[in-house]
Every structure is written in C-alpha cells, then in structure tokens.
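Worksheet for the structure shown next.
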Amino acid sequence: MYRIAIISPDRFLWALLCNSLSLVEAEVACFERWSEALIEPLSHYNLILTLESYPFLNGADVARRLRLSNRRPRIYVLSWLHDEQNVLSLLESGVDQYFTLPVNIPRLCGKITAQINEWRNG
Amino acid sequence: MSGAMGEVVGAYTLALLVGAVLLAAASMLHARVRQRRIGIRRTLERCYVNVLNRRLLEGGSAWCCFPLIERRSSRLTLAVVVAQIGAMTYGYDRRVLAKVVRRYGLDRLLLEQARLSGGMRRVEWLHTLAQIECSDRIYQRMMNRYGRSRNSYIALCMTLAALNHSPERSIAILAERRGRLSPFDLAEVLMMLKRGLIPVAYQPLLRAEQANVRLLGLCIVRYFGVTEAEEDIVAAIATDDREVAESALFTLCALRLRLDRELVREAARRMSEGERRAWYRHLASEGYSSRAIAQIVPEKELSLLGEYVEQTVASYKRALMN
C-alpha cells in the first residue's frame, strides 16, 4: 500500500483533500504542521501533499533533508501563491508538482492515481 | 469592637472568595460549552464536506443527505461549506451547489445572519454570500441594503456578489465600481477568473478607459505571464493615472521585459523616494542584471540597489544557492 501525507493548516482543505483521496488506492495520513509530519522519516511516505510552501523557501531543514534522502517522496504543493518566481523557487528546492488554488480536485486525484500506477508498473 | 470588625472583614473575605470561585466556575463552564460548540461545528463541517464532495466527485442524481440540517446553526455551517468548496475548487458541477443553496434557503439565511451581525462578522457572512449562487430576489435585497455601503470590505463583497451573479456583465460591473480596487481586491477578483467566471481576454481590458478595468487587465497579464502585451503595458506606463502607471511598471518588471526606455526612466523620476525604493527592491528580487539596471537607475542610487540585491541573496534565496 502506498502512503500519502497531507500537510495542511487549513482544516477545510484538509477535510476536502482527505475525502477526495479516499477514492485513491493509498493510505492517507493528515497533519496540521510540518513539524508533526517530520516525526516520521520523510522516506516513510511515497507522496507528500502540502499546503505550506514556506519550509521550502525559508532555508529550513526540509529542503536539505529531501536532497540528502536516498528514497525521497514526491512532493506536491498546493498554494494560493502564483507568481512565477515563487513557483520556480519551489521547483528548484525539490518540489515535484505545483498546483495553485482554486484547484481542480478530479485532476489532482487523477495525477496522484497516475503517479501510483507508475510506481506499481515499476 | 475589634472582634466585630474582624467578623465583618471575615464575612467580606468569604463573600469575595465565593464570588471568585463562582466566577471561575462560570468561565470554565462557558469555555467548555464553547469548546463543545466548536467541536460539534467542526464535526458537522467535516461530515458535510464528505457528503457534498463525494456527490460532486461521483456525480449521479441521488440527493445528498445532511445530518442535523433542521438546525439553523447546521444550515449556516452547510452554507460555509458550499461557499468554501465553490471558492477553492473549479471544474465541479456548480448546479449541484446551486441546488443545495436553493433547497435549504442558504442565501436567505446568510443575508439574515449578516443583518443580525455587526462589524467584521457581517463582512464575513456577506463574503460567504458573495461566493454562493443566490437567487435574484435575495441578490436584489442584498444590493438594496448594502450596495451603497461606504465600508470598503462590504463594497468588495458587493462587487464579488455582482460578478458571481452576472458574470457576463463582469467588465461593466468593474467599470461602474466607484472606489478603486486595491491589489488585495484584485487578487479576489482574479480568483473568480480562475474559476471561469470572468473572460481572460486581456487586450480590451488594458485598452479600457476605466482604471479598475485596466488594473485588472494588468493583473491578468502578470498572472499568465503574457509577454505579448508589452506594447499595451508600455502605453499604460504613460497614462496620467498614477496607480495604473505604477502597476504597469511593476508588471513590466514581473515579466522581465526590457527596461531601457525613456518612459520607464520618466516614471521612475516621477516616483517619490519611498516608492522608488520599493521598486528597486522589486527589481532586485526579480533578478535583473546590474547592467540592465544601471541604464535606468541614477548613479548615486546604484549603491542602494546593490544593498537590496545583497539583502535578497542573504535572505531566503541563500537556501537555494547552497
């Protein structure tokens, strides 16, 4: 079973994403903060869906840990920020996909399902 | 005599102690009741999100069943959920959300709640109401009551409500708006654009006469990175309207277009010192080369710009350069 972590301080989006991803064949864990998610090693998860982009931009430990990790999870960021520089900075610091809000939930689920299928097929 | 005094003081102390204990107990009870209410609301909210989202994802014609919906507070929670789903997502069948609003009279309920509330609470309810599809009657009632409000927050809610209600008139609504749209207001309007409610054609917006429409046009150009709009942006810098000219200048930088133009130099000269500093900071964060900047910045201010570049590199970008 593949593991997905949702990190969101916004309770509404948390519930919305959790419910939407229940249709995907994966084990979903939800956290309010990065600090809670970091209790487990990041390699424990196959995919991290986060609504907090600042750990990638403020020089925090997350970006470095992602780079050092051998088996790093895929990182998807969902954010209200949409300026190009911000998106480029996030991609440079190890983010795999960037979605701006408002988001198309079926499309997001589709991308995650496609990613899981890709892993499954090797 | 002193014994009687001591008794009186003792009685007062006892009364004070009892009062303090009662007050503490009451506040603890209040806190517990409040916590319980919040807990119930969150549970209901999550439940409604699950029901509604599953219905939207799976489609079909079966009606959603919302628990405890007969309560007024539950219907208000449902209204917030419907508005949030509408605001944070796109691509869903909006008819389902509209049907939920109609069936439970959520628009009427929100308007009533806004009337009963005051201050920012009222603004919050009106903002929620602006994000759902309300009936013509409720829309008219809302406009009659709050349409002429001088409160900037309420005015923004009314603009959003009007855009949501008649998206085909979006340009006219923005043109007729009395106050200027701030960058934060524009961000809210832009969110509606992403949900497909406002046309994306930027050229008529940039060439319009009304400042609000032009500001929205520039915002769209920045958002989508439309470098083809260079001519129109440069033309906007030359306008007499200070706000439009400044927004156009920042748009030009955001798109990393050529700055070596007389119009840009003139616009920079027109700026106050504070505005010019803000612009330099923007130039530094956009990553313009020192040669490109040297052509437009006066020599005596180049050191200031160098300082901003250093600050930018020393801040969050350091993590990316290691």
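Some values worked out for this structure:
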item: Ratio Rg/Rh [Cα only; Rh per Kirkwood] for chain B; result: 1.15
item: Förster radius 22 Å - calculated FRET efficiency between A:Leu38 and A:Asp10 (Cβ-Cβ, nearest 0.05); result: 0.70
item: Estimated distance in nm for a label pair at B:Ala62 and B:Tyr12, the labels positioned 7 Å out from Cα along Cα-to-Cβ; result: 7.1 nm
item: Sites B:Glu273 and B:Arg180 - FRET efficiency at Förster radius 30 Å, r taken between beta-carbons, to 0.05; result: 0.80
item: Among B:Ser166, B:Ser61, B:Ser152: highest mean-square fluctuation, GNM of chain B, C-alpha pairs under 10 Å; result: B:Ser61
item: Isotropic mean projected area of the C-alpha convex hull, chain A (nm²); result: 7.2 nm²
item: For segment B:43-162: rounded, prolate or oblate by the Cα gyration tensor [a/c cutoff 1.5]; result: prolate
item: FRET efficiency, 1/(1 + (r/R0)^6) with R0 25 Å, evaluated for B:Glu230 and B:Ala294 via beta carbons; result: 0.70
item: The protein assembly as shown: translational diffusion in µm²/s, Stokes-Einstein, Kirkwood Rh over Cα pairs, 20 °C, 1.002 mPa s; result: 84 µm²/s
item: Centre separation in Å (Cα based) which lies between segment B:223-251 and segment B:1-35; result: 68 Å
item: Computed lengthening from B:Met5 to B:His282, 0.36 nm per intervening residue step minus Cα-Cα distance; result: 92.3 nm
item: Residue-averaged [θ]222 nm for chain A, counting only DSSP H segments that reach four residues, each worth -39500 (n - 2.57); result: -12000 deg cm²/dmol
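Since every read-out is calculated from the coordinates, none of them should be taken as a lab result. Keep in mind that this is a model prediction, so the values were computed, not measured. Counting neighbours? That spans all protein chains shown, and the Cβs are built from the backbone with ideal geometry, glycine included.
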